Amino acid sequence: MAHAGLKKAVIVGPAWVGDMVMSHALVQLLTAKYHEIYMVAPPATVPVAERMPGIRRVLAVDLPHGQLGLSKRWQMARLLKSLDFDAAYVLPNSWKSALFTAFANIPERIGWHGEARYGLLNRRLRDVSDYPLMIERFMALADPAGNLIDQPYPLPRLTVDEENQRNCLKRFDLDPVRVVALCPGAEFGAAKKWPVEHYAKLAQSLLEGGSQVWLLGSPGDAEDCARITELTPKVVNLAGKTSLLDAIDLLAVCSRVVCNDSGLMHVACALGVATIGIFGSTSPSFTPPLGEAAQVVELNMGCRPCFQRECPLKHRRCLNDLSPERVLDRIGS
C-alpha cells in the first residue's frame, strides 16, 4: 500500500539491458512508498522498462553516449517538473545522468555519490563495499539510511505480451515445444563471449537429443550466429531479426536458455525461464543470474574475474577451456 504522503517517484534508469532488468528489484521496493513510479530510459532499455510491473509510464530520452546534450536534458527536465515528482532515484553514476532531476528541482534526488555529484543529488550513498551485488546497490537507495531488507530479495520480473508472442511464433513459423535458446552475444566485449564453436557443438548435442535450438541476439550478434548456423545448420537463427520486445516474448516460451553474462541472461531469468549463465571475464558475485532456476557455469582461474572487455593475456582460457559437455551436463540437471 502506498504511503499517503508520497505521490510519485521517477527512476533514471540504466543504459544496459541487464542493469535495467536488475533495477526492477528497486521498483518493487518503491511500490510500497509511492502511488506512481515512472522511468526515464534511453532507447536501448525502454522495452525492458515497458515490461516492468509497477512502472506507470516510461519516458524515453535519446542521448548519444558521452554527449552532454543540454537541450534534450532541459526538455526532459521540463517534462519531469510538469509531472510534479516527490523523489528521483538516479541509478547511473555519471554526473550527466543527474542533471534532469536537478534541473527539474525534484525535492528528493537520490543516488550513489558517483562522479562527485555535489548539488545535483541531495541524498548520496558513498561506500559500495557493503553492497556486493548490483541489485543491492539499487535497492539500498530505497532506504534513507541505505539499509537493505532481509533476504530473500525481490527477484526482477518482466511481463509477456501474449498477442505479440503469438504473432512472433507465426511470423517466424516457430513451434514452441522443447526449445533451448542460445544467446551467444555480449555487448560489453569479447572477454564475455563463449566461443561460437562451443555454442555450435552444444547446439548439435541438443538437436540430437530432440530439442529445438533457437539463436537469439541483436544485429551485432548476427555474424556469430551465422557462424553457428554454418556449423549446425538445423538451428533456427533469429539473431537481428527480432526487436528486444520480440526476444522477450520468445524467450518466455523456451524450456532452457544458455547465455553469456549478458542482458538476455537477465531477461530470461526475469521471465522465470531456467537459465544457464556462462561467465568469463566477469563474476556472478556481482551480477549473477537471479532466479530459482538459474545456474552459473564458470572456471576457477587465477586471472579471473578481470572485468576487461578483451582478455589482457590474449588467451581467453576462462571461456575457451570451458567445454560444451560441461554446459550440456547443466542443461540436463
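Of the helices (runs of 4 or more DSSP H) lying entirely inside region 17-103, not one contains at least 3 residues that are free of Cβ contacts under 8 Å to residues at least 60 places away in the same chain, over 30 Å from V160 (Cβ atoms) and within 18 Å of the chain's Cα centre (by Cα). Checked against the criterion of being without any contact (Cβ under 8 Å) to a residue 40 or more places away in the chain, at negative phi and out of contact with any Asp or Glu (no Cβ under 7 Å at 6 or more places or on another chain), the candidates Y153, Y131 yield just one match: Y131. Figure legend. Inter-residue proximity from region 161-176: first residues surrounded by 12 or more Cβ atoms within 10 Å (Cβ to Cβ), second residues among the β-branched types (V, I, T) and assigned to a loop (DSSP other than H, G, I, E, B), beta-carbon distance below 9 Å, spacing 6+ or different chains. Indicated pairs: Q165/V253; C168/T242; L169/V253; F172/T242; L174/V253; P176/V253. Just one of the listed residues (F286, F279) is at pLDDT 90 or above, among the hydrophobic types (A, V, I, L, M, F, W, C) and crowded, with 20+ Cβ neighbours inside 10 Å, and it is F279. Here is a check on your reading of the model: is P132 surrounded by fewer than 12 Cβ atoms within 10 Å (Cβ to Cβ), at pLDDT 90 or above and closer than 30 Å to T282 by Cβ? Spelling it out, P132 is indeed surrounded by fewer than 12 Cβ atoms within 10 Å (Cβ to Cβ), at pLDDT 90 or above and closer than 30 Å to T282 by Cβ. Among the residues of region 125-153, write down those that are assigned by TED's automatic domain parsing to the domain that holds V27 and of a type in the set (S, T, Y). Within region 125-153, S129, Y131 meet the criteria. Among the residues in region 299-308, are any in contact with a helix residue (DSSP H, G or I) (Cβ under 6 Å, 6 or more places away or on another chain) and within 20 Å of R51 (Cβ to Cβ)? No, every residue in region 299-308 fails to be in contact with a helix residue (DSSP H, G or I) (Cβ under 6 Å, 6 or more places away or on another chain) and within 20 Å of R51 (Cβ to Cβ). If you go through region 236-259 and pick out every residue that is assigned to a strand (DSSP E or B) and crowded, with 24+ Cβ neighbours inside 10 Å, you end up with 3.
The values are calculated or read from the model by the stated rules, or taken from the named source; none is laboratory data. Keep in mind the model is a prediction, meaning the values are calculated, not measured. Don't worry about glycine lacking a Cβ; one is built from the backbone with ideal geometry, like all the others, and counts go over all protein chains shown.
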